[in-house]
Amino acid sequence: MNNFPLSVRIKSKVKETPLVTTFTFDYPHRAEPGQFINVWLPGVNERPMSIAFDDGKAYTISVAAVGEFTKLLGKKKVGDMLGIRGPYGQVFTWKPKQRIAMLAGGYGVAPLYFAASRALKDGCKIDFFHGARSKDHLLFAQHVPKLKNTRYLPATDDGSAGFHGYNVQAWQEELSKGVAYDLVMTCGPEVMMKVVSDRAFEYGIDAQISVERYMKCGFGVCGNCTVDDLGITTCQKGTVMPNETVRKIKEFGKYHRDAVGRKHLY
């Protein structure tokens, strides 16, 4: 782990969807699936970013241009410099030969793709439920289906690809058919993950959930990402948490707090 920004040079830049761009760069501190790094733009700000992939040589992050910082980051070119520190946070874990349901919502597909690529090396079998607004927003749709021993099950709100509806509904259909899972992993919009948490609890399935808050320092000093009522920091105790912990978080699926602590309902 590195707590001070290290300057890195962008090696490649790929446009994935209308909003998402993937950047690759060399960084010496290795990461595991589910961790995040802080990306610094000098003179602008710093933001936490999920790690989309680490092959042992280069890092990959996929950035959605939805705010001022990410729009500026999206304009960076190959050869430009970024400040990186980390990696931080807890990781997705699994046991060999497990059958895993992965529920990715929107941009949450990136860390789950990373987890899938690692879990498959341990003989796991994966059903990958990928949800998005439409076909054009199915990030990594060209990558996930290429994974071995993986069923790629997209779901779109408008029905333009795969299941017409939400990925949690597609997963529920599999559960109703009697498909048994050893583990569930999920990353995406919190309202979606709350449903995953509830269904996993109902069916008695172990679940790991990526809980994100407004993380600044990355190592538990500022307290900005503390959650009610447990008082734990998501940068240290998360972002990946077991479902039994998530179900004790009073605010999960209901509200989050902004940079100055104000509540925002989902």
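Read-outs throughout are calculated quantities, based only on the coordinates presented, and are distinct from any laboratory measurement. The structure displayed is predicted, hence computed values, not measured ones. Note that we place each Cβ from the backbone using ideal geometry, even for glycine, and neighbour counts take in every protein chain shown.
Separation between the residue 66 and residue 149 pseudo-spin-labels, each 7 Å from Cα along Cα→Cβ, expressed in nm?
Rounded to a tenth, the inter-label distance reads 3.3 nm.
Where q = 0.21 Å⁻¹, what log10 of I(q)/I(0) comes from the Debye formula for region 2-88, counting one point per Cα?
-0.99
Ranked by Cβ crowding within 10 angstrom, fewest neighbours first, how are 187, 217, 225 ordered?
217, 225, 187
Order of 31-42, 2-13, 147-158 by packing, highest average Cβ count within 10 Å first?
Descending packing order for the listed peptides: 31-42, 147-158, 2-13.
If you filter region 160-223 for trypsin sites (Lys or Arg not before Pro), then keep DSSP loop positions with at most 11 other Cβ within 10 Å, what is left?
Passing both the DSSP loop test and the Cβ count: 177.
Counting only Cα atoms, I'd like the Rg/Rh figure for the chain, Kirkwood definition for Rh. Present the calculation step by step, with values, prior to reporting the outcome.
Working: Rg = 17.7 Å, Rh = 18.7 Å.
Rg/Rh for the chain comes to 0.94.
Measure out, as a whole number of angstrom, how far apart the alpha-carbon centroids of region 143-162 and region 207-258 sit.
Value for the Cα centre distance between the two parts: 29 Å.
How long are the three semi-axes of the equivalent ellipsoid for region 134-241, computed from the Cα gyration tensor as the root of 5 times each eigenvalue, in whole Å, largest first?
29, 18, 13
What relative contact order, as a whole-number percentage, does region 2-88 give when Cα pairs under 8 Å and 6 or more residues apart are counted?
Dividing the mean separation by the residue count of region 2-88 yields 40 percent.
Can you compute the label reach from residue 30? Point 7 Å from Cα along the Cβ direction, backbone N cut-off under 17 Å, restricted to region 1-18.
Hits in region 1-18 for residue 30 at 17 Å: 1-2.
Antiparallel as a % of all DSSP beta bridges within the chain, to the nearest 5?
60 percent
Longer than 27 Å from Cα to Cα, which of 13/97; 148/194; 177/237; 11/146; 95/194 are they? Say none if no pair is.
On the way: 13/97 35 Å; 148/194 29 Å; 177/237 35 Å; 11/146 24 Å; 95/194 24 Å.
Table pairs above 27 Å Cα-Cα are 13/97; 148/194; 177/237.
Isolated Cys in the chain by the 4.7 Å beta carbon test?
124, 187, 225, 235
When only Cα pairs under 8 Å and 6 or more residues apart are kept, what is the percent relative contact order across the chain?
About 16 percent, as a whole number.
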